[in-house]
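Laboratory data are not the source of any read-out in this text; all were calculated from the coordinates shown. Keep in mind the model is a prediction, meaning the values are calculated, not measured. Note that each Cβ is placed from the backbone with ideal geometry, even for glycine, and that neighbours are counted across all protein chains shown.
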Amino acid sequence: MVYILNKNKQPLMPTHRHGKVRRLLKEGKAIVVKRTPFTIQLLYETTFYVESLVLGVDSGSKVIGLSVSSESKEYYASEVELRTDIVDLLSTKRQNRRTRRNRLRYRKPRFNNRTRSKHKGWLAPSIEHKIQTHLKVVEDIKKILPISKIIVETASFDIQKLKNPDISGVDYQQGEQVDSWNVREYVFFRDKHTCQHCRGKTKDKRLNTHHIESRKTGGDTPSNLITLCKTCHGLFHQGKFELKIKRGLSYRDATFMGIMRWTFYNRLKEKYNDIPILNTYGYITKNTRINNQLEKNHAVDALCIAGHPQALPLKTIYLQKKLRCHNRQIHKANILKGGKKKNNQTDYQVKGFRLFDKATYRGDVCFITGRRATGYFVIKDVEGNILHKSVSFKKLKFIETRKSYITHMKRREAIPLITYAIA
């Protein structure tokens, strides 16, 4: 599918007529404005005839499904993988800032320059980033296709119901930590004041709360905390044994969907007030998919959200992954001998290549994820699988400069039909 813009950069209907596109480019009547997805701009006046296309958005906390279709045909399909490293990066940044503030002399933190009360509608950076990514991918599609309507699937999760299916009435006001002074006391009470490793065999009555996952990524929720006696706690951090206990269920994704539910929808309505913005719900999408015997994935869900499950699907789908745009940490956290700091940032270009540039290696599309000054790079595919750990830059053929997303087109023969058993 080749996407077309007119002379004024307004999107027209895309085409499969590759021969005509090549002829227009050869004759100088069109120029390439984007390689993936392949988009051209016409340099002459043309009629502005477009069909009514609907964009379906399967919003999510990790993957976004997108599909543009009419009643008879699908014109665009993609799945966008979101970043999940922001919480860890912000925690590392906070840790480095506190260490730096205490290294030479103690400086009191300046809380006045970090107030949030003045910012109406403030959201946590990890959530705000994902909402902005949702808006960005919708904007990118509107630039290449004449969208006449956008339908978004919103979701609302009852987290207390997920934890306790029998909860009802006044029980919603009695949380799991009721009558506990703090989280630590609740964890001790939940574990019956018993070490969860030795079960009291060490006779040590001093109890500690231990994070199963790192505090940076797992947080201080009770599901990430267990009770250990001081003896076992010390031996664990000395590497004497490994805990076989896994953390409880995390409801981070459900919480995110509950927060972004109306925020994303309302921001879309403010940004695109010239076209209808509608919302639908997950149970409707599921019912549509089952009735039409379609497989379960994000792009297919987006096609069902758009209301065209019987449309002829595309044979290709775009797989996208959001990248970190900048690394602002200049030096490594660890100081070398002699008080020297090792640079955390490499050169802007190494042998003519930037980080995450798109290239080919032996006919396969790859992305540069690691560079050495000697000219030997680490390359991976769009799914993060390592293709080569040390390949010479001379064996790579440059395709495209890095963007804020890495994009790869994947062929799919057809959307398989799934037979559902109805009880």
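General observations
- Relative contact order %, the chain, counting alpha carbon pairs below 8 Å whose residues are six or more apart: 18 percent
- log₁₀ of I(q)/I(0) at q = 0.10, 0.11, 0.12 Å⁻¹ - the chain, Debye sum with one point per alpha carbon: -0.97, -1.12, -1.26
- 3J(HN,Hα) from dihedral phi, region 376-381, Karplus parametrisation 6.51/-1.76/1.60, rounded to Hz, x for glycine, proline: 9, 10, 9, 10, 9, 8
- Label-to-label distance for Y281 and N8 is 4.2 nm, based on points extended 7 Å past Cα in the beta-carbon direction.
- Nearest 10 degrees, 0 to 90: helix 86-103 Cα axis against the chain principal axis: 50 degrees
- Inter-part distance where region 343-373 and region 1-69 are each reduced to a Cα centre, Å: 29 Å
- Put a dot 7 Å past the Cα of F157, heading toward its Cβ, do the same for E45, and the two dots end up 5.5 nm apart.
- Long pairs among K130/K286; K230/K341; K286/K410, criterion Cα-Cα beyond 32 Å: K230/K341
- Each peptide in 333-345, 177-189, 57-69 receives the mean, over its residues, of other Cβ atoms within 10 Å, and ordering these scores from highest gives 57-69, 177-189, 333-345.
- The chain: calculated mean residue ellipticity at 222 nm from DSSP helix runs of at least 4, using -39500 (n - 2.57): -8000 deg cm²/dmol
- Listed residues Y265, Y405, Y106, most fluctuating in the chain (Gaussian network, C-alpha, under 10 Å): Y106
- Label point 7 Å beyond Cα of L387 along Cβ direction - residues of region 29-51 with amide nitrogen under 20 Å: 35-38
- Per-residue ³J(HN,Hα) for region 280-285, Karplus 6.51 cos²θ - 1.76 cosθ + 1.60, θ = phi - 60°, Hz, x for Gly and Pro: 9, 10, x, 5, 5, 4
- Here the 3J(HN,Hα) profile of region 127-133, calculated from phi with Karplus coefficients 6.51, -1.76 and 1.60 at θ = phi - 60°, is 6, 4, 4, 5, 5, 4, 5 Hz, Gly and Pro shown as x.
- Counting all C-alpha pairs of region 1-49, share separated by more than 15 Å (%): 36 percent
- Pairs beyond 18 Å (Cα-Cα), from K9/K322; K216/K342; K7/K143; K120/K142; K322/K403: K9/K322; K216/K342; K120/K142
- Highest mean packing comes first when the peptides 314-324, 160-170, 10-20 are listed by Cβ atoms within 10 Å, giving 314-324, 10-20, 160-170.
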